[in-house]
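Worksheet: one structure, shown below.
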Amino acid sequence: MINFKSNNLKNSNSPYLKQHADNPINWQVWSNDVLNYAIEKNKMLIISIGYTTCHWCHEMEKEVFENKEVAKFMNEHFVAIKVDREVHPEVDHLYMQSLQLMIKQGGWPLNIIALPNKMPVWGCTFLKAKPWLSALMQINALFEKDPNSMQEYADTLKEGVSKLQLPNINDKELKKKIDFELLINKWKNQLDYTYGGDLGIPKFMMPNQHLFLLKYAHIAQDDNLNNYLKLSLKKIERGGIHDHIEGGFSRYALDQNWHVPHFEKMLYDNLQLINLYHQAYILFQEKSFKKTYKKTLAFIDQQLSDNDYLWFTALDADSLNLKEEREEGAYYTWKKEELQELLKEKFELFASYFNINPKGYWENGNYILYKSQSISSLVKSFNLSKLEAENKINECLQTLKASKAKRAKPQLDNKKMLSLNAMAITTYLNVYKTTQEQPLLLRCQNAIDRILQLNYDGNKLYKELHEHQDSKAGSLEDYAFFIQALLSMHEVSLKPIYLKLSEAFIQYCFKNFKKETDIFFYYSEIHNEDLFIKPIAVRDNVVPSANAVMSENLHKLALLTGKSTYRKQFEKMQDCILADIIHSPSDYSQWLQNQLKRDYPFFLVKTNENLWSAFCKRKALINFYRTINTSQKSTNNTVKEEILICTEKACLPPVYNTQKAIKLLLSNNY
């Protein structure tokens, strides 16, 4: 029995909800019982959505949700619900769309006031106590006086949100191909050719967008785009958004130089940046790109991994400073005097390289390490060889790393989410394909085994990876990213079990996440009716949309199994999305990667492990996938394995070494 007169967050598994367990507000968790209670009592809902490492969520808690006057009014007139966006992504997705329609912007904390039937009527991000309380009073007064007018507004808003769920599907506009050159020329107008990334501030890294541009630029031999990408990756790596001491990247930068970050570190950002820098290293052979992806991988292993082969979600932007007060960036920034004391005679060299000067200054006497020159430029200034300069800088970084270890660390969001862990498996396997580092493969094999042990009941998957029995059923993103991980493991191991599981989960999604007449998959299972609209996500954001990842999975399964069901579903999804892509290509980066496989020659390579690694290291090859080869040639009592290069319709003549196979690919209009 729920006590609605008390705060009920303390028993939650979510670190974010536990952060609010001592608030004087009677917070409830998102559940059908709570939602039904609001209808029974005819009370409006306050739905406050955030996540553990959200700086402005912490600020609003301090400013508003610990305020007793605010709490008294909220408890009397509303049913207040706290939502962890990573546990309930469908709730976050739908109310974020609502907020963006209402105020033309979004972000977290995401605060929604909704009618008892869950339909939103007002929303905001961060507010201080006085304007927040004023808004609640006005809205509550209107609800008591004229609820019908509020319902009319909610109906109009619902209609607008409904239109955002799907692309504009018009049979006359359905396309099989896309004019990539026209689309890229449109996209180029929003690129920043001076500082990298997109024009404007704040600057988000958007690694999946860059990954598509990287692949397209290589296939199309677009030198202009390649130069932009190299510039962007160098600017991001040199900026303060990159942790030069421990590795890893922060969420986004507040300035055009990538100098001042919002210091939280998200697993999903860092995984995608490993993919991006790894692929960029293969294509451009820039040593700094290799160093960056390896250092980021090491950061995840050291700070976002548990002892059970799985991965945590994020690190907070805030931590305790020397005054034992929470401060954004306290763990990552430095006083000049502190650096002088720690680095002694090496300080001047370090200060020159990392801008311990007005250029690198942030606020309150703090500096953020930020590179604006290469190590080679230090050689003449300090009369050192390049190797000597590199060694001294590395010594300085190790000294600072040891010093940081004594500081209070940012809070860890220790949730282990299925979708993020699946993304980690795919990322590690992408690196393994070219490096053949066995610990990466072993980690992924163990992670898959652990996920199946914790999260699979023989029928369905669950969202969080723990041994408790109260985990929420998996959403589409959990299935999409886990299927992607299983197909990646099948590609490197060729073990049938991974393909079999991929098909089983795809079939579950066909049955439970879409109706037979639907083109796209719903965010949650079709029988789940706890929202005012059944949400569908098709646009890619920082993380690719689950439908886009599912489309990629369907393409691979069609190739591997030859089943027309998968091929037809892939083509329907891609056809319907293409008409929308031209209007806003950057919102569809994963869909565009899928389309590259469709519009440019795509090959299955049937070969063994060693030859496969050689293929993966070749920068000339992007559109290919490995599958099993049972063909062998016997000569003089020896067995020689064939390499078969197959299109989606037929196989080319077999060859017996990698160089000949690559030449065969290139000669077939790759």
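I need every pair where a residue in segment 544-557 that is touching a residue at least 60 places away in the same chain (Cβ under 8 Å) and assigned by TED's automatic domain parsing to the domain that holds Met205 has its Cβ under 9 Å from the Cβ of a residue that is of a type in the set (Gly, Ala, Ser) and surrounded by fewer than 24 Cβ atoms within 10 Å (Cβ to Cβ), sequence separation at least 6 or different chains.
none
Of all residues in segment 118-157, count the ones that are assigned to a helix (DSSP H, G or I), within 34 Å of the chain's Cα centre (by Cα), crowded, with 16+ Cβ neighbours inside 10 Å and not hydrophobic (A, V, I, L, M, F, W, C).
Number satisfying all stated conditions: 1.
Which numbered condition trips up Ile39, out of (1) surrounded by fewer than 16 Cβ atoms within 10 Å (Cβ to Cβ); (2) in contact with a helix residue (DSSP H, G or I) (Cβ under 9 Å, 6 or more places away or on another chain); (3) not in a loop (DSSP other than H, G, I, E, B)?
Answer for Ile39: the failing condition is (2).
Suppose the filter is touching a residue at least 12 places away in the same chain (Cβ under 8 Å) and touching a helix residue (DSSP H, G or I) at 6+ places or on another chain (Cβ under 7 Å); does Tyr428 pass it?
For Tyr428, the condition - touching a residue at least 12 places away in the same chain (Cβ under 8 Å) and touching a helix residue (DSSP H, G or I) at 6+ places or on another chain (Cβ under 7 Å) - is met.
Just name the residue that is nearest to Leu211 (Cα to Cα) out of those in segment 564-585 that are surrounded by fewer than 19 Cβ atoms within 10 Å (Cβ to Cβ) and hydroxyl-bearing (Ser, Thr, Tyr).
Of everything passing the filter in segment 564-585, Ser584 is nearest to Leu211 (Cα to Cα).
Each row is one residue, and each column tells you yes or no for (1) under 29 Å from the mean Cα position of the chain (by Cα); (2) at pLDDT 95 or above; (3) of a type in the set (Asp, Glu).
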| residue | (1), (2), (3) |
| --- | --- |
| Leu297 | yes, yes, no |
| Thr313 | yes, yes, no |
| Asp318 | yes, no, yes |
| Glu337 | no, yes, yes |
| Leu369 | yes, yes, no |
| Lys380 | no, no, no |
| Asn383 | no, no, no |
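One line per residue, one yes/no per condition, for (1) assigned to a helix (DSSP H, G or I); (2) out of contact with any strand residue (DSSP E or B) (no Cβ under 9 Å at 6 or more places or on another chain); (3) farther than 30 Å from Gln436 by Cα:
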site	(1), (2), (3)
Ser471	no, no, yes
Phe481	yes, yes, no
Ala485	yes, yes, no
Met489	yes, yes, no
Val492	yes, no, no
Ile497	yes, yes, no
Ala504	yes, yes, no
Cys509	yes, yes, yes
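Could you check segment 275-301 and list, in sequence order, the residues that are outside any helix (DSSP H, G or I) and touching a His at 6+ places or on another chain (Cβ under 9 Å)? I'd like the intermediate steps shown before the answer.
First, the residues of segment 275-301 that are outside any helix (DSSP H, G or I): 285-286.
The answer is none; no residue qualifies.
Quick grid of which residues meet (1) closer than 30 Å to Trp334 by Cα; (2) basic (Lys, Arg); (3) touching an Asp or Glu at 6+ places or on another chain (Cβ under 9 Å); (4) not assigned by TED's automatic domain parsing to the domain that holds Glu328:
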site: Asn189; (1), (2), (3), (4): no, no, no, yes
site: Lys203; (1), (2), (3), (4): yes, yes, yes, no
site: Lys215; (1), (2), (3), (4): no, yes, no, no
site: Asn224; (1), (2), (3), (4): no, no, no, no
site: Lys230; (1), (2), (3), (4): yes, yes, yes, no
site: Glu237; (1), (2), (3), (4): yes, no, no, no
site: Arg251; (1), (2), (3), (4): yes, yes, yes, no
site: Glu264; (1), (2), (3), (4): yes, no, yes, no
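May I ask you to list the residues in segment 104-117 that are of a type outside the set (Lys, Arg), more than 13 Å from Glu59 (Cβ to Cβ) and not in a strand (DSSP E or B)?
Matches in segment 104-117: Gln105, Gly106, Leu115, Pro116, Asn117.
For Glu159, are the conditions met, namely being over 14 Å from Ser586 (Cβ atoms) and without any contact (Cβ under 8 Å) to a residue 40 or more places away in the chain?
yes
With (1) outside any helix (DSSP H, G or I); (2) in contact (Cβ under 8 Å) with a residue 40 or more places away in the chain; (3) buried (at least 16 other Cβ atoms within 10 Å of the Cβ) as the list, and Lys514 as the residue in question, which single condition is left unmet?
For Lys514, the exception is condition (2).
Within segment 288-295, identify whether any single residue is over 24 Å from Met423 (Cβ atoms) and touching a residue at least 40 places away in the same chain (Cβ under 8 Å), and answer yes or no. Don't jump to the end; show me each part of the working.
If we filter segment 288-295 for residues that are over 24 Å from Met423 (Cβ atoms), which is where we start, we get 288.
Now drop any that are not touching a residue at least 40 places away in the same chain (Cβ under 8 Å), which leaves 288.
There is at least one residue in segment 288-295 that is over 24 Å from Met423 (Cβ atoms) and touching a residue at least 40 places away in the same chain (Cβ under 8 Å).
Where in segment 302-417 are there helices (runs of 4 or more DSSP H), lying fully within it, with 1 or more residues that are touching a strand residue (DSSP E or B) at 6+ places or on another chain (Cβ under 9 Å) and buried (at least 16 other Cβ atoms within 10 Å of the Cβ)?
Correct list: 336-343, 347-354, 386-404.
Search segment 182-215 for residues being of a type in the set (D, E, K, R) and in a helix (DSSP H, G or I), and hand back the single one that is nearest to Val543 (Cα to Cα).
Checking each candidate, the answer is Lys215.
Just give me the residues in segment 45-58 being of a type outside the set (Phe, Trp, Tyr) and either surrounded by fewer than 21 Cβ atoms within 10 Å (Cβ to Cβ) or outside any strand (DSSP E or B) (or both), in sequence order.
Listed by number, the residues that qualify are Thr52, Thr53, Cys54, His55, Cys57, His58.
Quick check on segment 74-88. Is at least one of its residues loosely packed, with under 15 Cβ neighbours inside 10 Å, β-branched (Val, Ile, Thr) and either in contact with a Ser or Thr (Cβ under 9 Å, 6 or more places away or on another chain) or assigned to a strand (DSSP E or B) (or both)?
no
Considering each of Val87, Val83 in turn, give the residue that is within 22 Å of Ser475 (Cβ to Cβ), modelled with pLDDT of 95 or more, out of contact with any Leu (no Cβ under 8 Å at 6 or more places or on another chain) and not aromatic (Phe, Trp, Tyr).
Val83
Six or more apart or on different chains, Cβ under 9 Å: which pairs go from a residue in segment 436-447 that's closer than 17 Å to Leu501 by Cβ to one that's among the aromatic types (Phe, Trp, Tyr)? Could you list them?
Listed by first residue and then by second, the contacts come to Cys444/Tyr309; Cys444/Tyr428; Cys444/Tyr432; Gln445/Tyr309; Asn446/Tyr309; Ala447/Tyr309; Ala447/Trp311; Ala447/Tyr428.
Could you say whether any residue in segment 192-206 is exposed (fewer than 15 other Cβ atoms within 10 Å of the Cβ), touching a helix residue (DSSP H, G or I) at 6+ places or on another chain (Cβ under 7 Å) and at pLDDT 95 or above?
yes
The values are calculated or read from the model by the stated rules, or taken from the named source; none is laboratory data. All values reported here derive from a predicted model rather than from experimental measurement. As a convention, Cβ positions derive from the backbone with ideal geometry for all residues, glycine included, and neighbour counts pool all protein chains shown.
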